[in-house]
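Step one of this worksheet: look at the structure below.
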Number of protein chains: 2
Amino acid sequence: MANVEVEVFSIEALREFCARVFMHFRVPKDQATQAADVLAAADLRGIDSHGVARMSSYVGVLSEGLINPKPEIKIVRSTPSTATIDGDNGLGLVVGPRANQMAIEMAQKAGSGWISVRNTNHYGIAGYYVLKAAECDMIGWAMTNSSALVTPLWGMERMLGTNPIAIAFPGKKEPPIVIDMATCTAAYGKIEIALRKGQKIPAGWAIDNQGRVTTEPADVLAGGALLPLGSDRERGGHKGYALAMMVDLLSGALSGANWGPFAPPFALRQTIPTRSVDKGIGHFFGAMRVDGFIDSDSFKSQVDEYIRVFRATKPAPGTSGPLIPGDPEREAEGIRRKSGVPLVLPVVNDLREISKKTGIPFD
Amino acid sequence: MANVEVEVFSIEALREFCARVFMHFRVPKDQATQAADVLAAADLRGIDSHGVARMSSYVGVLSEGLINPKPEIKIVRSTPSTATIDGDNGLGLVVGPRANQMAIEMAQKAGSGWISVRNTNHYGIAGYYVLKAAECDMIGWAMTNSSALVTPLWGMERMLGTNPIAIAFPGKKEPPIVIDMATCTAAYGKIEIALRKGQKIPAGWAIDNQGRVTTEPADVLAGGALLPLGSDRERGGHKGYALAMMVDLLSGALSGANWGPFAPPFALRQTIPTRSVDKGIGHFFGAMRVDGFIDSDSFKSQVDEYIRVFRATKPAPGTSGPLIPGDPEREAEGIRRKSGVPLVLPVVNDLREISKKTGIPFD
């Protein structure tokens, strides 16, 4: 990793720095630590776009007073297995873990717990949450909506976020199966990387602002949009579109948050929707006790066997065979815990800038 | 519709015929009526592959004693919001509706209800179930696994079923949003249609038995496999694969049914897996009371507004703009209720054959 383009940092150093920065902006210590932990999970798991790379956006909105550093998180409605939480415009990195924990506690009593969250902000990687449930022998679910970047199939404008779905299943000797996927074909970060490298993007990822399929990453930034998973009608683009809508309805409409094109942006200097239909963005969490359905131990043994059977699938020509969802992230985590997290220079510079502004040392 | 290739039947006639055929094979009257209703829903909604076109397969397995016409459906485990049901190897068309109804009743008490089902058989269209929940002001979920047809990304063999996900959200003045999608790129029925018409299939739908992408439908039947939604790595084929696995784990492993390549086939003369890991195939149902999260009336009004906003999306060039999930099926239903259901001649001949065998009139 030691080349000119990256610098390597220990995860502890990054976590500590982020926690102190959050505290600088009046986030209480336990919440700052929690928020930093979510970011660290992204950096460990190799999802670089969602980790410390976002600190400068968080700092921007916190310093402008656009996010409430001391939210009073409230339950606005509940039944034994469902609830809606108002995040009081707090950090999603704080509101999300709290709501997820409530889903887990609810499941302990009622078998399952389902929490929709409104008036919240971006919550990091969805995979973070579902792993917490899996650690408790539960099946964890997490979704969130986000500001519009994706066009519906047959549309030509940004109407939906990249709206991820995550779910995790605990194994016994094998690690958990962790699904964590945006419902668009390719992540926005990949467009940015192609742009930086001066490369084309594959047809099927995006359209330009005239609704035409494009292979120029710059077209996406110039008012184009990402395509939903499936890309076009022939390859099932209506399905990715439907999944993005499902996430949006569960996270946004069900909680009383904004939805679709009205979801507010994450960072400063992004376009603000002309209309607000409700409060903030929304999340949706679920936790189901495995032993609410079947003996936990036999389920986890089946998951182990499941993993082994799928690993043994005959590989397609030119590949080393199917992965199990969660494999790449876990491998990244193993490496980065030992060898540190490589950060690209623009991110390092952002963090140094934050250090200068706040007086919190970063090196 | 009146051309040489189809004959048109009223939905009442088809429903009545199917119910009587099920009764002929010792299915109790109320269950036979229920089973026929699920099939009729498929024919009404234009999902021809899942309606009366399957009667001859049902008759095959019933007459061979491979399905239990009088199952004792049992709850094997439960909490206030979760349960596992053993379908006693009954018709999925009978076991499914029962389990779905239990999820709805559970939600009435606990806010949500989640039912996994083992030892069951194919249950028709997933959309049928979620519409029932939507009628009760609930968000309905339905999934099922099925015999293997789909390869994991980077695999070259059939390891997963077409494993559908369905979910419905009730509207107020607008009809419900109904998502009902297989997790592969294209339905198997489309391969069969292309074969019959002597047409090629698009690259991205399937591989041949050497793991190569193919455009020949015959290659799929000759030991090839369907590709998961997303088709290849570049377009997110790992996501469709992960979704199919999610459905399989929730329906199969969680209930104690067979999963992956071990899910038994639907009809006679299909390959029987060499190994059984548990009982039958599996389903997964969920129902969440909308008012367990938010006022039902305001949610349904938001769904109405959601539909209107998405219908007003700027259309991509050459299209009439995005549809709302559930639109095509509802339109088909409107037409077919009035004008009848067109059946292709091979299906009509199958039904006449059943009529001859059972003595139940069909014309």
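No lab work stands behind these numbers, since they all come straight from the coordinates. Please read these numbers as outputs of a predicted model, since none were measured by experiment. All Cβ positions, even for glycine, are placed from backbone atoms using ideal geometry, and neighbour counts span all protein chains on display.
Rounded to the nearest 0.05, the FRET efficiency derived from the C-beta distance between residue B:301 and residue A:30 at R0 = 30 Å is 0.20. Largest GNM mean-square fluctuation among B:41, B:257, B:222, using chain B with Cα springs under 10 Å: B:222. The distance from the alpha carbon centre of region B:129-197 to that of region A:296-356 is 28 Å, rounded to a whole number. The alpha carbon centroids of region A:233-294 and region B:82-110 are separated by 28 Å. Taken residue by residue and averaged, Cβ atoms of other chains lying within 10 Å of the Cβ of A:176-187 number 3.
Let me check I've understood the local charge: for residue A:326, count other residues with C-beta under 12 angstrom from its C-beta, Lys and Arg +1, Asp and Glu -1. What total comes out? My count for the surroundings of residue A:326 gives -4. Rounded to the nearest 20 debye, the dipole size of the protein assembly as shown about its Cα centre is 0 debye, using +1 on the Cβ of Lys and Arg and -1 on the Cβ of Asp and Glu.
Using the average count of surrounding beta-carbon atoms within 10 Å as a protection proxy, the listed peptides A:307-315, A:321-329 rank, highest first, as A:321-329, A:307-315.
Mind scanning A:300/B:29; A:132/A:314; A:300/B:239; B:109/B:338 and naming the pairs with a C-alpha gap bigger than 29 Å? If you can, show how the numbers build up before the last one.
Values: A:300/B:29 40 Å; A:132/A:314 32 Å; A:300/B:239 23 Å; B:109/B:338 38 Å.
From A:300/B:29; A:132/A:314; A:300/B:239; B:109/B:338, over 29 Å: A:300/B:29; A:132/A:314; B:109/B:338.
When every Cα-Cα distance of the protein assembly as shown is counted in 10 angstrom steps from zero, the calculated P(r) takes the values 3, 15, 26, 28, 18, 7, 3, 1, 0 percent.
Report, as an integer, the average count of C-beta atoms from other chains found within 10 Å of each Cβ along B:310-322. Intermediate results must be reported in sequence, preceding the final value.
Values: counts 9, 1, 2, 12, 6, 6, 14, 6, 3, 6, 1, 5, 11.
Rounded to a whole number, the mean comes out at 6.
Entry note, chain A: relative contact order of 21 percent, from Cα contacts under 8 Å with a spacing of 6+ residues.
Among DSSP beta bridges lying fully in chain B, give the percent that are antiparallel, nearest 5.
Details: 36 of 42 bridges.
About 85 percent, rounded to the nearest 5.
Using a Förster radius of 25 Å, what is the FRET efficiency between residue A:269 and residue A:218 based on their Cβ-Cβ separation? Nearest 0.05, please.
Working: r = 18 Å, r/R0 = 0.72.
Efficiency, from the Cβ-Cβ distance: 0.85.
Which residue, A:142, A:32, A:187, tops the fluctuation ranking in a GNM of chain A built on C-alpha contacts under 10 Å? Of A:142, A:32, A:187, the most mobile in the Gaussian network model is A:187.
As a test, work out the antiparallel percent of DSSP beta bridges whose residues both lie in the protein assembly as shown, rounded to the nearest 5.
Taking every DSSP beta bridge with both residues in the protein assembly as shown, the antiparallel ones total about 85 percent.
Considering only A:140, A:127, A:260, and ranking their Cα positions along the charge dipole of chain A that arises from unit charges at the beta-carbon of Lys, Arg, Asp and Glu, the one farthest toward the positive end is A:260. Each copy carries residue A:267; placing its label point 7 Å along the C-beta direction from Cα gives inter-copy distances of 5.4 nm, listed from smallest up. With point charges of +1 on the Cβ of Lys and Arg and -1 on the Cβ of Asp and Glu, referenced to the Cα centre of region B:1-89, which listed residue (B:33, B:82, B:61) lies farthest in the positive direction of the dipole? Going by the charge dipole, the pick is B:82.
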